[in-house]
Amino acid sequence: MITRPHLSGLFAASLCLAPALAGAQTIGGAVPAYEPPPQYQVPQAAPQAGSTITPFPSSPVQRENAFAAREQVVRDFAASYKKAKSPKIAIFWNRELTDTLDEWYGSSRTVISQNGQGSVSGNFGSNNLNLNGQSNSQTTIEQQQRTNADQRAQFSETRDWQFQDGFLGPFLKAGAYVVDRAAIVRLTGVNAGGMNGKAIETKAISGMADILIEVLAGNTQQSRSGYELRARVLETKTGRILGYVNSRGLKEWNEKPAAIATNQGFILPDDDDDDETFGPNSGGPERYRATSQGFKATRKPPKLDAVAQNLAYNVMDSLMGQWR
């Protein structure tokens with residue numbers, strides 16, 4: 001049992017140790033501020049093999065704004081167009097400029113031949129002789145068809161309007177002198193006499209236009225939109241190629257590949273041409289649609305007029321590169 005004198009001794013000893021402990025805490029500087037321990041991070045589930053993820057976020061220019069209006073391109077083209085002395089532009093809508101010269105061609109023909117033999121009659125001792133010569137004749141009958149190699153499968157009427165509106169818009173806004181193919185062919189053919197249609201078209205293009213833009217649309221299974229576009233720009237006086245734009249090579253039509261989650265980590269798919277897909281796939285914000293596997297986020301493709309407008313901007317860039 002501890003008596004009162006012993007308690008008094010312990011209390012006195014504790015008072016003596018207090019200053020020493022306080023001095024020990026201040027040796028080397030002040031007591032550091034309290035820092036809470038780091039928060040516990042909940043581990044995320046590993047992605048399942050076969051899922052995809054975009055390795056790097058695409059810039060807004062290549063995604064949402066890829067098919068937006070480009071006012072600066074139009075302004076730059078307008079200035080460059082004036083420096084080039086405002087050439088007249090004609091456009092072939094899904095019509096190819098071929099090397100065919102004749103408007104008609106024959107797929108079969110029928111040849112009719114006639115042969116005749118002559119004879120000599122009369123007295124050889126006199127000048128009374130009759131000579132009957134030999135005659136040959138040949139008649140050819142050919143069945144002909146109108147050449148249509150320059151005409152291709154067309155869009156539906158309303159889709160064709162949308163495409164022409166989107167492609168022409170930037171050029172008209174820049175103040176370009178655009179002539180209509182049908183109009184110049186009709187104007188040239190009024191006094192053409194016996195010229196065939198191909199000759200009239202060639203004379204109209206070379207005489208009433210300085211630049212020909214040939215816009216073609218071809219079906220392909222590799223494009224997400226189901227078609228591929230091509231624009232070829234020619235100088236009508238010389239046949240010089242001023243530009244060649246293919247939608248397959250446009251950066252706006254090609255998104256960055258998505259990485260695939262595998263058991264060995266994320267890998268990029270093989271860039272094999274057989275598996276290549278391209279085309280406008282994201283023209284706006286994501287929207288959720290109900291499917292058999294639940295709601296999935298999808299992007300609505302851009303409209304046809306926006307796609308055609310994008311093609312026109314790239315044609316403008318190609319022409320400005322030639323006019324520098």
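Any read-out appearing in this document is the output of simple, stated calculations on the displayed coordinates, not a laboratory observation. Keep in mind that this is a model prediction, so the values were computed, not measured. Cβ placement follows ideal geometry from the backbone for every residue including glycine, while neighbour counts extend to all protein chains displayed.
Pop a pseudo-label 7 angstrom from the Cα along the beta-carbon direction at both Gln221 and Ala84 and give the gap in nm to one decimal.
3.9
What FRET efficiency would be calculated for the residue pair Lys251, Thr291, taking the C-beta separation as r and a Förster radius of 25 Å, to the nearest 0.05?
FRET efficiency, Lys251 to Thr291: 0.25.
Return the FRET efficiency for the residue pair Asp180, Thr140: r is the Cβ-Cβ distance, R0 is 35 Å, and the value is rounded to the nearest 0.05.
So, using R0 = 35 Å, E works out to roughly 0.30.
Whose amide H sits under 5 Å from the amide H of Ser223, counting only residues 5 or more places off or on another chain, with H placed in the peptide plane?
Phe278
Taking other Cβ within 10 Å of each residue's Cβ, how do Ser292, Ser223 sort, fewest first?
Ordered by Cβ neighbours within 10 Å, fewest first: Ser292, Ser223.
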